[in-house]
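Below: the structure, in structure tokens.
The values are calculated or read from the model by the stated rules, or taken from the named source; none is laboratory data. Note that the structure is predicted; figures quoted are calculated from it, not measured. Every residue, glycine as well, gets a Cβ built from its backbone with ideal geometry; the counts of neighbours run over all protein chains shown. Heavy atoms of the whole protein, side chains included, go into the accessibility calculation; ligands, DNA and RNA do not. Shrake-Rupley method; radii C 1.70, N 1.55, O 1.52, S 1.80 Å.
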Amino acid sequence: MKSFKKLILALFVFYGIALLNPVKANAAWRQNSTGWWYTEGNSCSTGWKLINGNWYYFYPDGYMAHDTIIDGYYLNSSGAWTNGVSNRDFFKAEQKVKEYLANNGKRIASRIEYDHMDEKSYVIHCYDIVKGHAVTSGWYYVDKSNGNVKSMF
């Protein structure tokens with residue numbers, strides 16, 4: 001009976017110590033040629049995540065969004081949400097491409113991002129990440145003067 005009581009007491013002490021000193025998850029930023037992701041233990045973050053005081057958005061494949069608008073919020077080049085929504089024209093061009101694809105019954109890629117601009121147009125890249133590689137579904141010009149969308153192909 002005494003050894004049973006000692007065993008119970010030892011278990012209480014062990015669990016008490018475990019509760020006071022919880023094991024911290026191994027969280028870390030990682031990067032490869034495709035982009036950045038954030039791990040927590042053995043899994044990658046997805047969706048919105050608050051990290052060190054900044055909000056980030058991670059696509060379903062785990063990669064961090066950047067230089068784009070997600071749910072109406074502008075994410076800068078480091079991927080952090082900045083205060084308010086950007087009204088920069090190239091982000092409006094991304095929205096125009098989404099509307100164009102939806103209105104024409106075309107599949108909307110998981111990533112639609114501003115690439116660059118030329119004299120007359122914003123160039124928008126539509127792609128998905130498949131097994132760690134970017135798979136392009138289209139390139140589009142968005143006319144700066146009138147917002148008309150035209151496929152590059």
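Please verify whether Tyr73 is modelled with pLDDT under 85 and not hydrophobic (A, V, I, L, M, F, W, C), treating the condition exactly as stated. Show your work before the answer.
Details: modelled with pLDDT under 85: yes; not hydrophobic (A, V, I, L, M, F, W, C): yes.
Considered against the rule, which asks whether it is modelled with pLDDT under 85 and not hydrophobic (A, V, I, L, M, F, W, C), Tyr73 comes out as yes.
Quick check, is Gly84 modelled with pLDDT of 90 or more, in a loop (DSSP other than H, G, I, E, B) and open to solvent by less than 40 Å² (accessible area, probe 1.4 Å)? Can you show your working first?
Details: modelled with pLDDT of 90 or more: no; in a loop (DSSP other than H, G, I, E, B): yes; open to solvent by less than 40 Å² (accessible area, probe 1.4 Å): yes.
Criteria not met by Gly84.
State whether the residues of the stretch 46-59 include one that is at positive phi, open to solvent by less than 80 Å² (accessible area, probe 1.4 Å) and assigned to a strand (DSSP E or B). Let's see the steps before the verdict.
As a first pass, look at the stretch 46-59 and keep what is at positive phi: 47, 52-53.
From the residues that got through so far, the ones that are open to solvent by less than 80 Å² (accessible area, probe 1.4 Å) too are 47, 53.
Restricting the remaining residues to those that are assigned to a strand (DSSP E or B) gives 47.
Yes: the stretch 46-59 contains one or more residues that are at positive phi, open to solvent by less than 80 Å² (accessible area, probe 1.4 Å) and assigned to a strand (DSSP E or B).
Going residue by residue through the stretch 20-41, is there one that turns out to be at pLDDT below 80, assigned to a helix (DSSP H, G or I) and farther than 30 Å from Ser151 by Cα? If you could, list the steps in order and put the result at the bottom.
Step one: of the stretch 20-41, the residues at pLDDT below 80 are 20-26.
Adding the requirement that they be assigned to a helix (DSSP H, G or I) leaves 20.
Imposing the further condition that a residue be farther than 30 Å from Ser151 by Cα reduces the set to 20.
Taking every residue of the stretch 20-41 in turn, at least one turns out to be at pLDDT below 80, assigned to a helix (DSSP H, G or I) and farther than 30 Å from Ser151 by Cα.
Filter the stretch 122-147 for residues that are outside any strand (DSSP E or B) and either basic (Lys, Arg) or free of Cβ contacts under 8 Å to residues at least 12 places away in the same chain (or both); which is farthest from Gly35 (Cα to Cα)? Don't jump to the end; show me each part of the working.
At the first step, the residues of the stretch 122-147 found to be outside any strand (DSSP E or B) are 131-132, 144-147.
Retained after the next criterion (residues that are either basic (Lys, Arg) or free of Cβ contacts under 8 Å to residues at least 12 places away in the same chain (or both)): 131, 144, 146.
Values: Lys131: 13, Lys144: 29, Asn146: 33 Å.
Restricting to residues being outside any strand (DSSP E or B) and either basic (Lys, Arg) or free of Cβ contacts under 8 Å to residues at least 12 places away in the same chain (or both), the top hit is Asn146.
Please pick out the residue among Tyr114, Tyr100 that is in contact (Cβ under 8 Å) with a residue 40 or more places away in the chain and more than 20 Å from Tyr63 (Cβ to Cβ).
Details: Tyr114 fails: more than 20 Å from Tyr63 (Cβ to Cβ).
After applying the criteria, what remains is Tyr100.
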